[in-house]
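Trainee: Shown below is the structure under consideration.
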Number of protein chains: 2
Amino acid sequence: MAKFTLLVHGGAGDVSAGPTARQRERKSRLVLKQALLCGYRVLKMGGTAIDAVVAAVKVLEDSPLFNAARGSVLTHRGGVEMDAAVMDGKTLSAGAVAGVRKIKNPIEAAVAVMRCCQGVLLAGEGAEQFAAEQGLKIVKQTYFITAGRRRQLQRIRNSHTMQLDHDSGTDHPAEDTELGTVGAVALDQYGNLAAGTSTGGLVNKRFGRIGDSPIIGAGTYADNGSVAVSATGTGESFIRSVCAHEIAARVKYCGFSVGRAATEVTKTVIPALGGRGGVIALDHAGRFAMPYVTRGMYRGLIRSNGQSQVWVFD
Amino acid sequence: MAKFTLLVHGGAGDVSAGPTARQRERKSRLVLKQALLCGYRVLKMGGTAIDAVVAAVKVLEDSPLFNAARGSVLTHRGGVEMDAAVMDGKTLSAGAVAGVRKIKNPIEAAVAVMRCCQGVLLAGEGAEQFAAEQGLKIVKQTYFITAGRRRQLQRIRNSHTMQLDHDSGTDHPAEDTELGTVGAVALDQYGNLAAGTSTGGLVNKRFGRIGDSPIIGAGTYADNGSVAVSATGTGESFIRSVCAHEIAARVKYCGFSVGRAATEVTKTVIPALGGRGGVIALDHAGRFAMPYVTRGMYRGLIRSNGQSQVWVFD
């Protein structure tokens, strides 16, 4: 039987263990499973790694439980500004959008950018205009904004800080600490890798801040010659370390396993820059790693035999 | 005597050799020399690599001859949308702005982002607001737009293409083929590397397209442990190859010289992705490379002994 593998993540952070959080955790696990199954169906039917990544990420974008598309965290001004990227490990083609406010599924816009060759990274209103011309669904901001996100922003708006979505802090109720950035990496039956990431960024972000998710090499990267990576965490340290490409380089040039490369970068390089978070990484043989340096990380795996697993803690 | 090195570039492209182009070439060489001297003074007085990079890039931004700040190429809509980034090789701190329209010196905004820790990459109006709050000079679009750029846009507006600024094509008069993206890399007397890049992007660009210049790891990268790089060319292939970080990885993990790493990536990896352009790269020992795969590349070098050189062709 043709072999393939799909990994997804729904963000890393100080996932709370309280009773309300437990309920949310159960729901989130179900959505992760759905995402895995959606991607699995694509791969099972002979679809490509890119198509599986997009299918899985779309499920997570459409859920209000994660910080991507619907359910995105709110900016300082109370709106959403979303980023997404995809990369095809076979051709090294890539597409990304940043700071978009109206595209229902930013991951689809990223794919459209990749396929239309109108640049690799499109931002803001220009990206929205492009998405609309491509026939992608444009929605109002209200579609994305949930009551939980409004409360979350209110809580920290006056603190003048930005924070990882999934960090509640010990003094805050866990009920509105919805989960983080989402992403997927896949290896299809043709031996091709792909990666995709979608995010609402940091709560209370200002000044048109763009994180690592739409930056090829930082939060998203795929190369059949090394690995596919999707990252989540404090984006700035992931940009400065060129995180995903650094993992790929250690695999390609140092001969490290995907496990060693991903773990070193996540647990040593990123913290040395003051950052934290996690990554999912997958190589051409289906070997994978999901290291993180937060209390928990929402993540899951499905193989060609249809067996899936979802984890939040170790 | 304390040793230091500064490299600058003013873009790569099919630099014409006609008589009008010659005159422009002479003027551009003078500006490159001025940029080198400005950075040299900073380094001579004990300034840091970052300060020298910014001083040199500012000279090139202020000149209408290059495609950065004043003299930027025009977008499809006839305005400017500028990108810039800096990176400090000592701390791996970085700052960048993308799609800004009113900041007189985008490179200064990039440094302000780096120093204020408000993210690494800020885009659009948010970045402009940040720059204004930091006291940076905000100007009207008319400041940036030159008559030559208007003619250049008019010529290719209906072609529905984007092009490298410095590519005139053989059927076009050379008079308005002003030069490209600008950048600098420096090694200061303390042994620290830095890199900076500033650009107006591609002529006739649409949809909020962001190129490689403001992407850490793509068009701009610096790490004392490997190299400092500033790139110029078809940005998409530089993003997809994570060009600057790829050069750094080959130096760091393969043990390649800066010359070998930069040349391989510029002359093999980038063209394999359908791209072209050039890079300037400098290592911690002051060894450097300036490979390009276009007809010419505006570039220059100055050492601590005060001797400078400027090249356009080989």
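The values are calculated or read from the model by the stated rules, or taken from the named source; none is laboratory data. All values derive from a computational prediction rather than experimental measurement. Every residue, glycine among them, receives a Cβ derived from its backbone with ideal geometry; neighbour counts consider all protein chains shown. With ligands, DNA and RNA removed, areas are computed over all heavy atoms of the protein, side chains included. Shrake-Rupley method; radii C 1.70, N 1.55, O 1.52, S 1.80 Å.
Trainee: Can you tell which of B:61, B:81 is surrounded by 18 or more Cβ atoms within 10 Å (Cβ to Cβ), of a type in the set (Asp, Glu), over 24 Å from residue A:215 (Cα atoms) and at pLDDT 95 or above?
Mentor: Answer to the selection: B:61.
Trainee: While we're here: Return the total of residues in segment B:28-46 being open to solvent by 10 Å² or more (accessible area, probe 1.4 Å), closer than 17 Å to residue B:308 by Cβ and in contact (Cβ under 8 Å) with a residue 24 or more places away in the chain.
Mentor: 7
Trainee: Please verify whether residue A:212 is open to solvent by less than 20 Å² (accessible area, probe 1.4 Å), at pLDDT 95 or above, more than 11 Å from every other protein chain (Cβ to nearest Cβ) and within 30 Å of residue B:254 (Cβ to Cβ), treating the condition exactly as stated. Reasoning before the result, please.
Mentor: Details: open to solvent by less than 20 Å² (accessible area, probe 1.4 Å): yes; at pLDDT 95 or above: yes; more than 11 Å from every other protein chain (Cβ to nearest Cβ): no; within 30 Å of residue B:254 (Cβ to Cβ): yes.
Criteria not met by residue A:212.
Trainee: While we're looking at this one, here's another question. Looking only at segment A:90-129, which residues are within 11 Å of another protein chain (Cβ to nearest Cβ), touching a residue at least 60 places away in the same chain (Cβ under 8 Å) and assigned to a loop (DSSP other than H, G, I, E, B)?
Mentor: Correct list: A:92, A:120.
Trainee: Answer with yes or no whether residue B:239 is open to solvent by less than 40 Å² (accessible area, probe 1.4 Å), out of contact with any Pro (no Cβ under 6 Å at 6 or more places or on another chain), closer than 30 Å to residue A:114 by Cβ and not in a helix (DSSP H, G or I).
Mentor: It is false that residue B:239 is open to solvent by less than 40 Å² (accessible area, probe 1.4 Å), out of contact with any Pro (no Cβ under 6 Å at 6 or more places or on another chain), closer than 30 Å to residue A:114 by Cβ and not in a helix (DSSP H, G or I).
Trainee: Moving on to the next point. Is at least one residue of segment A:273-281 modelled with pLDDT of 95 or more and over 18 Å from the mean Cα position of the chain (by Cα)?
Mentor: yes
Trainee: I'm trying to understand the selection: among the residues of segment B:205-230, which are among the charged types (D, E, K, R) and assigned to a loop (DSSP other than H, G, I, E, B)? Talk me through it step by step, then tell me what you get.
Mentor: Of segment B:205-230, the ones among the charged types (D, E, K, R) are B:205-206, B:209, B:212, B:223.
Across segment B:205-230, the qualifying residues are B:205, B:206, B:212, B:223.
Trainee: One residue is enough: does segment B:249-270 have a residue meeting the conditions at pLDDT below 95 and of a type in the set (Lys, Arg)?
Mentor: No: zero hits.
Trainee: Kindly evaluate residue B:139 against the criterion of being modelled with pLDDT of 95 or more and surrounded by fewer than 17 Cβ atoms within 10 Å (Cβ to Cβ).
Mentor: In short, yes.
Trainee: If residue B:76 passes every condition in (1) modelled with pLDDT under 95; (2) open to solvent by less than 30 Å² (accessible area, probe 1.4 Å) but one, which one does it miss?
Mentor: Here residue B:76 clears every test but (2).
Trainee: Among the listed residues B:260, B:303, B:206, which satisfies the condition of being over 28 Å from residue B:80 (Cα atoms), within 14 Å of chain A (Cβ to nearest Cβ) and among the basic types (Lys, Arg)?
Mentor: B:260
Trainee: May I ask you to list the residues in segment B:174-203 that are at pLDDT below 95 and within 14 Å of chain A (Cβ to nearest Cβ)? Give the derivation first.
Mentor: Within segment B:174-203, the subset at pLDDT below 95 is B:174-180, B:201-203.
Within segment B:174-203, B:201, B:202, B:203 meet the criteria.
Trainee: Please indicate, with yes or no, whether at least one residue in segment A:244-253 is open to solvent by 10 Å² or more (accessible area, probe 1.4 Å), farther than 30 Å from residue B:126 by Cα, among the charged types (D, E, K, R) and part of a helix (DSSP H, G or I).
Mentor: Yes: one or more hits.
Trainee: Does any residue in segment A:199-212 that is without any contact (Cβ under 8 Å) to a residue 40 or more places away in the chain come within less than 6 Å, Cβ to Cβ, of a residue that is in a loop (DSSP other than H, G, I, E, B) and buried (at least 24 other Cβ atoms within 10 Å of the Cβ) six or more places away or on a different chain, and which pairs are these?
Mentor: From segment A:199-212, the pairs are A:212/A:218; A:212/A:219.
Trainee: Moving on to the next point. Out of segment B:266-282, which residues are surrounded by 24 or more Cβ atoms within 10 Å (Cβ to Cβ) and outside any helix (DSSP H, G or I)?
Mentor: From segment B:266-282, those surrounded by 24 or more Cβ atoms within 10 Å (Cβ to Cβ) are B:266, B:270, B:277-282; that's our starting set.
The answer is B:277, B:278, B:279, B:280, B:281, B:282.
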